[in-house]
Amino acid sequence: MLDIGDPFSKPELSRAIQTVDQTITDYFGGLSPEVFFAHPPRVWSVGENLQHLVLTVSPITKAVLIPREKLSKRFGLADRPSRRYIEIRAEYKAGLQGGIVAPPQYVPVLDTLAADPQLGQAQIMADWQEVSQGLTTHLDAWTESELDTYQLPHLLLGMMTMREMLFFTLYHNLHHLDDARRLIEASA
């Protein structure tokens, strides 16, 4: 797995997200459509892993655009300091070991793609680039303090500050990159 350390400050977090997102773009974009869509039994294909990332990063990208006043009215303000990246990573890993699975709205559905595998791959890649670039671009408007003040609900992990949600997104993206790499290695 790509080592990103324990980013905390907004610049560290932004750099880590950009590094991971670019690694994902390069890796998934460099695969042939046959490898991208190869579907072993009982696991998601590489393409489905990336489509899952699009589905999960998209709401976070939208959330960083919501006016702060609306966020606070809807979800309240954090009443504790943000935890560290390594704490969020450990909590998510424990959840995975406990059997948590993606909620239905985040399960990939490939039958909405173009019939041509090359076009389908290009569509998922374009969707990925749009949401991942949107997140880092719009994150610039947030201050360090705001990252720790505003919160969002995570369907599996409960209320999280925006900083914690970004930590989760960062690790979750790495986790699925790693899953895709293992899937390809296992089929080689």
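Of the residues 101, 20, only one is among the β-branched types (Val, Ile, Thr) and part of a loop (DSSP other than H, G, I, E, B); which?
Only one candidate qualifies: 101.
Does residue 82 count as modelled with pLDDT of 95 or more, outside any strand (DSSP E or B) and closer than 14 Å to residue 160 by Cα?
Yes.
Any residue in the stretch 40-55 that is among the β-branched types (Val, Ile, Thr), in a helix (DSSP H, G or I) and at pLDDT 95 or above?
Yes, that holds for at least one residue.
Can you tell me which condition residue 58 does not meet? The list is (1) more than 16 Å from the chain's Cα centre (by Cα); (2) surrounded by fewer than 19 Cβ atoms within 10 Å (Cβ to Cβ); (3) modelled with pLDDT of 95 or more, and all the others hold.
(1)
Name, by its number, the condition in (1) exposed (fewer than 14 other Cβ atoms within 10 Å of the Cβ); (2) in contact (Cβ under 8 Å) with a residue 12 or more places away in the chain that does not hold for residue 165.
It is condition (1) that residue 165 fails.
Out of all the residues in the stretch 11-53, which are closer than 17 Å to residue 168 by Cβ and crowded, with 21+ Cβ neighbours inside 10 Å?
Selection gives 13, 16, 17, 21, 24, 49, 53.
Identify, by number, the condition in (1) assigned to a helix (DSSP H, G or I); (2) touching a residue at least 12 places away in the same chain (Cβ under 8 Å) that residue 111 doesn't meet.
Condition (2) is where residue 111 drops out.
Just checking, how many residues over the stretch 93-131 are closer than 17 Å to residue 176 by Cα, loosely packed, with under 12 Cβ neighbours inside 10 Å and β-branched (Val, Ile, Thr)?
2
Kindly indicate which of 129, 105, 123 is polar (S, T, N, Q) and in contact (Cβ under 8 Å) with a residue 60 or more places away in the chain.
Step by step, each of 129, 105, 123 is checked, and only 129 is polar (S, T, N, Q) and in contact (Cβ under 8 Å) with a residue 60 or more places away in the chain.
With respect to residue 136, is the statement that it is under 17 Å from residue 58 (Cβ atoms) and in contact (Cβ under 8 Å) with a residue 60 or more places away in the chain true?
yes
Is there a residue in the stretch 136-144 that is in a loop (DSSP other than H, G, I, E, B), closer than 27 Å to residue 12 by Cβ and among the charged types (D, E, K, R)?
Within the stretch 136-144, one or more residues are in a loop (DSSP other than H, G, I, E, B), closer than 27 Å to residue 12 by Cβ and among the charged types (D, E, K, R).
Which count do you get for residues in the stretch 22-39 that are modelled with pLDDT of 95 or more and of a type in the set (D, E, K, R)?
Adding up the residues that qualify gives 1.
The values are calculated or read from the model by the stated rules, or taken from the named source; none is laboratory data. For clarity, every value in this text was computed on a predicted model and none was experimentally measured. Cβ sites come from the backbone with ideal geometry, for glycine too, and all protein chains shown count toward neighbours.
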